[in-house]
Each structure stands twice: as C-alpha cells, then as structure tokens.
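Notes to accompany the following structure.
The values are calculated or read from the model by the stated rules, or taken from the named source; none is laboratory data. Quick caveat, the model's predicted, so the values are computed rather than measured. Glycine also receives a Cβ, built like all others from the backbone with ideal geometry; neighbour counts cover every protein chain displayed.
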Amino acid sequence: MAVEIDRREVYRYLGLRGAEPDAATAAAVEEAVRLLDAVVEPKQISRRFLLKRLDDGALDIEGLRVESKALSKNLEGCREVFLMAATLGIGPDRLIARAQAEGAMSRAMALQAAAAAMIEAWCDDVNAELARQAKARGRSLRPRFSPGYGDFSLEAQPGIFRLLGAQRNIGITLTDSLLMLPTKSVTAVIGIADVGEAACPTGCAACEKTDCAYRTRKDDP
C-alpha cells in the first residue's frame with residue numbers, strides 16, 4: 001500500500017525550508033520514495049475513550065494518568081479522546097540501515113526524510129478517517145498530540161500501548177527508553193470536541209520551539 005506524500009515535506013525534513021532542491025537532491029528523493037513504496041506496510045489502531053480531569057489537574061484516560069499542561073490545554077472542552085498508533089512497518093528501518101552500512105549517506109538521508117514525511121502523511125490519513133467518524137456524531141477533532149511533544153512525557157507510552165494493544169495489533173514495540181520500533185511509528189491523543197469549539201493551533205504553530213530546523217515557514221512567528 002503506497003502512501004502519497006508531498007515532496008515539499010521531504011525537502012523540509014532535509015532542511016531546505018522552501019528552497020528549491022538541486023537535480024541530484026530531487027533525484028535522490030524520488031529514488032527514496034520508490035524504494036519505500038516497495039516495502040512500507042502501513043498499519044494503524046485507534047480507539048475512543050472517555051476523558052476525565054482529576055482534582056489535581058491531571059488527565060485520566062481509562063486509567064492512564066497524564067500530567068501535561070500542553071496536552072490539557074489542547075484538550076480543553078473535550079470529554080472524549082481517540083488514542084491512535086500508526087506505523088510504516090520495519091521495511092524503512094531496513095532500507096536506511098542498509099544504506100548506512102554501505103556508506104551511502106546521501107541515500108540514507110533521503111530515505112530518512114522521505115520516511116518521516118510518509119509516516120506523517122499516513123497519520124494524516126488516519127486522522128481524516130477519525131474526523132469523518134467524529135463528524136458523523138456531530139463532533140470535531142483537536143490536533144493530534146504525541147508523547148514527547150512539549151511536556152507530554154514519553155512515560156505515557158506504556159499506557160497508550162496497553163489501551164490500544166499496539167504490539168499485538170500492529171506490531172509496534174517499546175524499547176527500554178520508551179522509543180518505538182519500527183522507528184517510523186507514531187502514537188497520539190486526539191481530542192473529540194463539540195462542533196464550534198474554538199480550534200487550537202496545529203503543527204509547528206502549537207510548538208514553542210521556534211528555532212527548530214524543521215519548522216515550516218507558514219508557522220514562523
């Protein structure tokens with residue numbers, strides 16, 4: 001299953017930030033996309049849960065306690081959330097490792113950037129389907145928010161994995177440092193709000209790290 005990606009996103013991950021790529025870079029990206037299309041196995045799992053706010057300000061998602069001011073702000077007005085996990089499978093990791101082992105660092109960099117754009121595009125596809133489900137219930141979605149973003153700690157990962165059965169259902173595992181394998185995998189919390197609720201900033205606009213090399217121009221302060 002191929003995942004359609006915007007080449008401008010790949011160039012952004014390569015650090016071009018809106019600049020036109022030279023012919024060699026463009027060719028390397030097209031080759032990376034071709035190679036990835038042959039090996040990716042996009043999978044996802046998502047489930048809806050009640051959201052509770054505890055007296056001490058923490059959030060509770062089906063027994064998963066989260067202390068995060070940024071996530072709490074993102075979920076203002078929400079009584080339910082979707083938890084989601086998505087992955088491209090082990091194929092991209094193997095391609096990148098092979099390129100590195102062969103000393104083909106330009107190919108490895110192009111693969112890394114294209115795979116990063118591809119997992120985000122796959123998450124966008126999953127997000128769009130969840131938005132359709134929410135709309136059918138007269139609801140709307142807040143921007144997805146992942147562990148490791150802002151003050152939303154990676155310590156939430158085991159709880160998210162437990163609630164979704166992520167390892168059993170789509171084959172993602174957690175390392176001792178709470179990173180995911182395959183590496184091109186994402187978990188996220190998505191708030192479900194009443195239609196008409198004020199929208200929260202999305203993407204780079206929601207992040208306080210304004211000096212990030214991957215920040216998009218349209219979200220620059």
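Could you say whether any residue in the range 71-89 is small (Gly, Ala, Ser), crowded, with 21+ Cβ neighbours inside 10 Å and touching a helix residue (DSSP H, G or I) at 6+ places or on another chain (Cβ under 8 Å)?
yes
Filter the range 26-66 down to the residues that are of a type in the set (Asp, Glu), outside any helix (DSSP H, G or I) and touching a residue at least 12 places away in the same chain (Cβ under 8 Å) and list them by number.
Hits for the range 26-66 are Glu41, Glu62.
Checking the conditions here, which among Ala115, Ala205, Ala193 is at pLDDT 95 or above and either part of a helix (DSSP H, G or I) or within 12 Å of the chain's Cα centre (by Cα) (or both)?
Exactly one of Ala115, Ala205, Ala193 is at pLDDT 95 or above and either part of a helix (DSSP H, G or I) or within 12 Å of the chain's Cα centre (by Cα) (or both), namely Ala115.
Can you find, within the range 26-51, the residue that is surrounded by the fewest Cβ atoms within 10 Å (Cβ to Cβ) among those that are of a type outside the set (A, V, I, L, M, F, W, C) and closer than 18 Å to Leu95 by Cβ?
Arg34
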